[in-house]
């Protein structure tokens, strides 16, 4: 297979016509390979991105894989390589990377797994692996285990995705919070109620990201996510994908237990032997025996962090970032990034624009955009009584007309110690709670917001009056958002806004709408694990994984970490 990078075509030449796109790519690929179009046996579109640096000449940038007929390239990989080398083009190379394949399940797979309650079968064979959490990490770990002949038990403290969606909508409408089932807790994890962005900065040396994306497509996502540089599925599609994966896992012998809050684990001779959970509906405690436990709890399982600390797990405080959500009209962002000339055509071809901004403030802090949601909503993503945090969300069509993004500033364990007066390993978590308590008090649990002019001027009595339309899910009211943040965070955001406006004209408009606080950008701790076995240090059979354990930062990277963890349990040592 031959890979060609950096094929560029004007967006107006391609438009939205997939057939025309395929013909153009074949023609250009043949030219680059110095062969006829008929010599191309197969052409696969691998990646499509947008180069909008020249607004008068916006281009699609493609990566394609091409297979030529043997009569052109020769019968072997060696002759293909010689063909490529003769072209002397740095954007053309031979590709021999094989896709990730799962281990073939043994004939005895499910039969040796034991009974569905995890206690083992009558012959005393191995017990079912237990996965705590059904977010991207836990979901993909369970999927791989089930696909390879194991029968995992998934413990999820929240409800299934349909009931969870109903409870979340009720919370938006009434403000009535269920601490066990909300935007943070429930089937699909926190990422389910987000933009469903699947892009990631991690390298895909083992094919894990490709595997994750193909699995999403298998269970209902749009195949376009396989080629888009910044793929997303949207909350409405992601909920369907999550449910389809659950049904498949169950069909393979897996078992879900909802409303099951993980409370404790027991260890015998240094190895996990059982877990305990509470049925949050009945209050009854249950115990399951296990030899393998995947901790995929997510970044908001604060009671779990405390329990693990008390059990003696080795953990370390981890830096993260905190800040606010900012809203602009989507058209302002689109015109700034695409240009006003032929704007409606560009918008029809490219859809709503996304952005990524980063800058160092004069106080030395890094300020950057995060989890940008084109055509989205700012949502109340609280999970604890008396505490409030916000996040961004969008549906698949990204059609709200309003763009929002987190604007966040880096914070460190030294900041946590100063804020809490403690050097406790969980003081990052307490730092988050302090911010969320302050945000809650501003409007008695309603999302606080103000205009950027009020934020910049540090107004103590903002009115929040803006010519821009805001899009909130959950009630919102004008309040002193900046007052809920540490001075160095508010100062850094205000300091960087003019710089951001040099990239996106109008970004620092007085009418931009600031809401807060955004405090859960990533886990405040890392649960230490052995690099080779992926087991928690000192706790054999326990596998901390995903975002909550401090090893991922988004849907795709968390899912990939779940895949790797499951493969390690299955005996695959080279990850």
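Every read-out reported here was derived from the displayed coordinates using simple, explicitly stated rules and does not represent laboratory data. Computed from a predicted model, the values in this text were never measured in an experiment. Ideal geometry is used to build each Cβ from the backbone, glycine not excepted, and the neighbour counts take in all protein chains shown.
Using Cα-Cα distances under 8 Å and only pairs 6 or more residues apart, what relative contact order does the chain have, in percent?
Values: 1315 pairs, mean separation 94.1, N = 575.
16 percent.
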Could you tell me the distance between the Cα centroids of the range 403-458 and the range 245-268, to the nearest Å?
34
So, R0 is 56 Å and r is the distance between the beta-carbons of residue 573 and residue 12; what FRET efficiency does that work out to, to 0.05?
0.65
Points 7 angstrom from Cα along the Cβ direction at residue 310 and residue 267: gap in nanometres?
1.6
Going from the fewest other Cβ atoms within 10 Å to the most, one would list 274, 49, 300 as 49, 274, 300
Among 370, 343, which comes first, then next, by fewest other beta-carbon atoms within 10 Å?
343, 370
Relative to the compact globular guide of 2.2 N^0.38 Å, what is the alpha carbon radius of gyration of the range 135-283, as a ratio?
1.13
Based on the mean of other beta carbon atoms within 10 Å per residue, what is the order of 183-195, 250-262, 88-100, 397-409, most packed first?
183-195, 397-409, 250-262, 88-100
68, 293 arranged by Cβ crowding within 10 Å, fewest neighbours leading
68, 293
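Could you work out the relative contact order of the range 30-84, using alpha carbon pairs under 8 angstrom and six or more residues apart, expressed as a whole percent? It would help to have the intermediate numbers written out before the result.
Details: 57 pairs, mean separation 16.9, N = 55.
The value is 31 percent.
Sorted by average packing, counted as other Cβ atoms within 10 angstrom per residue and highest first, what order do 438-444, 561-567 take? Intermediate results must be reported in sequence, preceding the final value.
On the way: 438-444: 19.3, 561-567: 27.4.
The peptides rank, most packed first, as 561-567, 438-444.
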If you take the beta carbon distance between residue 540 and residue 287 as r and set R0 to 30 Å, what does 1/(1 + (r/R0)^6) give as a FRET efficiency, to the nearest 0.05?
0.95
In nm, spacing of pseudo-spin labels at residue 463 and residue 358 (7 Å Cα→C-beta vector):
4.0
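If each DSSP helix of 4+ residues adds -39,500 (n - 2.57) and the sum is divided by the residues in the chain, what number results at 222 nm, nearest 500 deg cm²/dmol?
On the way: 16 runs with 177 residues, N = 575.
Taking each H run of at least 4 residues, the total per residue is -9500 deg cm²/dmol.
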I want to check the label-to-label distance for residue 85 and residue 45. Put each point 7 Å from Cα in the C-beta direction and report it in nm to one decimal.
3.4
Ranked from highest to lowest mean number of other Cβ atoms within 10 Å per residue, what is the order of the peptides 361-367, 278-284?
361-367, 278-284
